[in-house]
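Asker: One structure, as C-alpha cells, below. Some questions next.
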There are 2 protein chains.
Amino acid sequence: MVEALENNILVPQGLIAHGRGECFDYLIGEKTQDFAENAINAAAATLLLAKYPVISVNGNMAALVAKDIVELSNEVNCKIEINLFYRDEKRVKAIKKALENAGAKEVLGDDDLTTIPELFSERRKVSKNGIYIADVVLLGLEDGDRTEALVRLNKKVIAIDLNPLSRTSMTASITIVDNITRALPLLVKKVKELRSKDRIELVEIVKNFDNKRNLAEAIKFISRRLEALSEDLIGH
Amino acid sequence: MVEALENNILVPQGLIAHGRGECFDYLIGEKTQDFAENAINAAAATLLLAKYPVISVNGNMAALVAKDIVELSNEVNCKIEINLFYRDEKRVKAIKKALENAGAKEVLGDDDLTTIPELFSERRKVSKNGIYIADVVLLGLEDGDRTEALVRLNKKVIAIDLNPLSRTSMTASITIVDNITRALPLLVKKVKELRSKDRIELVEIVKNFDNKRNLAEAIKFISRRLEALSEDLIGH
C-alpha cells in the first residue's frame, strides 16, 4: 500500500480507508465467513445474469487486486472502469497502467465521459461505454454517496466492503463483507462454478438472498466474537 | 493528518494506523464512554503520584494533540520525549518543531540517548533523561512490542488506544479506550481536579482500577452496540 502511494496509485486518504478496513477484517477474524460466502454466491449469479456489468476501480482496488479484477472481467465479460474520488489525470494513468500490467486489454474511465446526477465529487464523471449504461456495477472500498447515486439510477450494486455498518454496505444490492483480496478470487471461482447453471437457478439464488438479513448476520457475528473475547478477559 | 504527512510529521503507515483507530472510534460511538472515564481517573491519579512521568510522543500524537501534550506536561510537570518507530532525524526535527510551536519548552528524544533491551526498531533509542529513568510513561497509538518492553522494565504504562483488543491495551497498566483528541483534554481536567486530594486518596483510586475488567467492559459495550444495530436492521 505504501508503495502504491509512492507510485501515484493511492492518495493518502486511501491509506486511512485501508486502516479502517483492517480493523473490521480483524473483527471478522481475518477469514471469509458464511455471510460473505452467501453474498459471493448471490454476486456471482447476478454477474452471470447481467446484461452489461462493469467493475468500478479505484486506487485501493488497483493497488490490492489488479489481477483478480482482470480475471473476473474475462470470466463474466465485463468492462473495467476507473472511477476516482480524488481524480487527477496522472493518477488515472498510473492506475490504468497497473491494470494493463495485470493483463487488462480495455480500461475505461479516460475515454468518452459524461456525468451522473447527484454526486459532487469527481466520481460523477463516468464513461458512456461503462458505468453510465451498466445494469450491474461491482465496486469495492467505496463511499456511501456514490453507492446511493448508482442505486438511484436503478443499477444493481455489488459492494465489497469490510464494514457491515457503512452506508455503502447498507445501500448496495449485495454486500460482500470480506477483505477484497480474499473475496475477489472466491468470486471468480464461484462464477466459474455457476456458469453451467441455467438462468432459472441463477434467478432463484439472487431472489433468495436478503442483503439486510445477511448484513445483520455479519454484525451479529462480530458482536458474538467480542462478547466471547470480553468474557475470556475476565476469566468467565 | 494528510497535512501532517506532507509536513514530515507522519509516515504513511501512521495514516493506516489512524484509519484503524477511526473504525474503533466509530464502534464506541465517537464518545468518551464510562470505561474511558474510569481509566482517565486512574491515569490522572497515577500521574500525580509519579516520581518521574514522561509523555512519549510519536508522529500521530504530534499531528493530533500537540497542544494537549504540552498542557498535560505543564500540569503534572513531566517530560516530553519523541520516540518513533520509523525514526529519522528529519522527522524528529519536524515533530520537535510542532511541539515547540504548541508551547513546549523542553523536548527530549534527540539528546543523550541510550537503548532499552528487547526492542528491535528505532524505538529502543530513548533519552537518558526521559523514558530511560521514568517510572510512569504515557503513550498513545503505540504498538504492542514497545508497550511490553516498557512494562518489562517495571514502568507503569498509561496507554491511550481506541482498540481495546490490541496488545498495547492488554499489556498497559492503565488503558484509556478513547480517541486521544477527546481523552487528553479530559485527562488534563482530571489532573487539575485531583491535584488537591491527598496521596492516600490517589493511591486508593489507582488500587480500585482493574485494567482487564475495564477493557472487558469496553469490549462488551461494543458487542452490545453491534447486537442492537443488527436487530434494528432486521426490524426486531
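Asker: Give me, ordered by chain and number, the residues 5 or more places off A:V57 or on other chains with an amide H under 5 Å from its own placed amide H.
Answerer: A:E81, A:I82, A:N83
Asker: Would you mind listing the distances between the A:K105 label point and the same position in each other copy? Use 7 Å along Cα-to-C-beta, nm, one decimal, shortest first.
Answerer: So the label point of A:K105 gives 7.3 nm to the other copies.
Asker: Run the 1.4 Å probe and let me know the accessible area of B:R20, rounded to the nearest 10 Å².
Answerer: So the heavy atoms of B:R20 present about 90 Å² to solvent.
Asker: Provide Rg and Dmax in Å for segment B:1-87, with only Cα atoms included in the calculation.
Answerer: Values for segment B:1-87 (Cα only, Rg and Dmax): 14.7, 39 Å.
Asker: Using modelled backbone amide H atoms (1.01 Å from N, in-plane), which distant-in-sequence or interchain residues come within less than 5 Å of B:Y52's amide H?
Answerer: B:D135, B:V136
Asker: Residue by residue through segment A:20-30, which ³J(HN,Hα) values in whole Hz follow from phi under the Karplus form 6.51 cos²θ - 1.76 cosθ + 1.60 (θ = phi - 60°), with glycine and proline marked x?
Answerer: Once rounded to whole Hz, the list reads 4, x, 4, 5, 5, 4, 4, 5, 8, x, 6.
Asker: Another question, then. Could you order B:R123, B:R225 so the one with the most accessible surface comes first? Probe is 1.4 Å.
Answerer: From most accessible down to least: B:R225, B:R123.
Asker: Need one value for A:213-222: mean number of C-beta atoms belonging to other chains within 10 Å of its residues' C-beta atoms.
Answerer: Mean partner-chain Cβ count within 10 Å for A:213-222: 5.
Asker: Might you report the magnitude of the Cβ-based charge dipole of segment B:2-230 about its Cα centre, with Lys and Arg at +1 and Asp and Glu at -1, to the nearest 20 debye?
Answerer: 340
Asker: A follow-up question, please. Using Cα-Cα distances under 8 Å and only pairs 6 or more residues apart, what relative contact order does segment A:120-236 have, in percent?
Answerer: Relative contact order here is 18 percent.
Asker: Please work out whether chain A counts as rounded, prolate or oblate from its C-alpha gyration tensor, where a ≥ b ≥ c are the square roots of the eigenvalues and a/c under 1.5 means rounded, while otherwise a/b larger than b/c means prolate and anything else oblate?
Answerer: Cα axes put chain A in the oblate bin.
Asker: Calculate the translational D of segment A:85-150 in whole µm² s⁻¹ from Stokes-Einstein, where the hydrodynamic radius comes from the Kirkwood formula applied to all Cα pairs, the temperature is 25 °C and the viscosity 0.890 mPa s.
Answerer: 192
Asker: Rounded to the nearest 500, what is the 222 nm mean residue ellipticity of chain A from helices alone, with -39500 (n - 2.57) per DSSP H run of 4+ residues and division by all residues?
Answerer: The helix contribution divided over chain A gives -17500 deg cm²/dmol.
Asker: Within 10 Å of each Cβ of A:23-33, how many other protein chain Cβ atoms are there on average?
Answerer: The per-residue average across the peptide is 3.
Asker: In square angstrom, rounded to the nearest 10, how much accessible surface does A:I234 have for a 1.4 Å probe?
Answerer: 40
Asker: Taking each label point as 7 Å beyond Cα in the direction of the beta carbon, state the distances from B:E204 to the same residue in the other copies, shortest first, in nm.
Answerer: Computed spacing set for this position: 7.1 nm.
Asker: Next question, about the same structure. Taking Cα pairs under 8 Å and at least six residues apart, what relative contact order does chain A come out at, in percent?
Answerer: Averaging sequence separation for qualifying contacts and normalising by length gives 25 percent for chain A.
Asker: Sticking with this one: Tell me which aspartates and glutamates have Cα within less than 18 Å of B:K189's Cα, excluding those fewer than 8 residues away on the same chain?
Answerer: B:D34, B:E37, B:D68, B:E71, B:E75, B:D178, B:D198, B:E201
Asker: Sticking with this structure for a sec: Test of understanding: in a Gaussian network model of chain A with alpha carbons linked when under 10 Å, which of A:I158, A:I28, A:I200 would top the mean-square fluctuation ranking?
Answerer: Of A:I158, A:I28, A:I200, the most mobile in the Gaussian network model is A:I200.
Asker: Shifting gears a bit: Over the protein assembly as shown, with the other protein chains present, what is the accessible area per residue in square angstrom, probe 1.4 angstrom?
Answerer: Solvent-accessible surface per residue comes out at 44 Å².
Asker: Leaving out ligands, DNA and RNA, and with a 1.4 Å probe, what % of the accessible surface on segment B:66-148 is carbon or sulfur?
Answerer: 45
Asker: Can I ask one more? To one decimal place, what orientation-averaged projected area in nm² is obtained for the convex hull of the Cα set of the protein assembly as shown?
Answerer: 23.9
Asker: While we're on this one: Can you tell me which lysines have their Cα less than 20 Å from the Cα of A:K128? Leave out same-chain residues fewer than eight positions away.
Answerer: The qualifying lysines are A:K51, A:K79, A:K93, A:K96, A:K105, A:K155, A:K156.
Asker: Here's something else I'd like to know. In peptide A:9-21, what is the residue-averaged number of other protein chain Cβ atoms found within 10 Å of each Cβ?
Answerer: 6
Asker: Taking the full set of protein chains and a 1.4 angstrom probe, give the accessible area of A:T181 in square angstrom, rounded to the nearest 10.
Answerer: Rounded to the nearest 10, the figure is 60 Å².
Asker: Relative contact order (percent) for segment A:1-125, with alpha-carbon contacts under 8 angstrom and 6 or more residues of separation?
Answerer: 25
Asker: Turning to a different aspect of this structure: Give me a comma-separated list of calculated 3J(HN,Hα) values for segment A:82-88, in order, Karplus coefficients 6.51, -1.76, 1.60 applied at θ = phi - 60°, integers in Hz, x for any Gly or Pro.
Answerer: 7, 9, 10, 5, 9, 7, 8
Asker: How long is segment B:159-206 along each principal axis, judged by its Cα atoms, biggest number first, in Å?
Answerer: Cα spread of segment B:159-206 along its principal axes, largest to smallest: 34, 22, 8 Å.
The values are calculated or read from the model by the stated rules, or taken from the named source; none is laboratory data. Remember, predicted model here, so these are calculated numbers, not experimental data. As a convention, Cβ positions derive from the backbone with ideal geometry for all residues, glycine included, and neighbour counts pool all protein chains shown. Side chains are part of the model used for accessible areas, which takes the heavy atoms of the whole protein and leaves out ligands, DNA and RNA. Shrake-Rupley method; radii C 1.70, N 1.55, O 1.52, S 1.80 Å.
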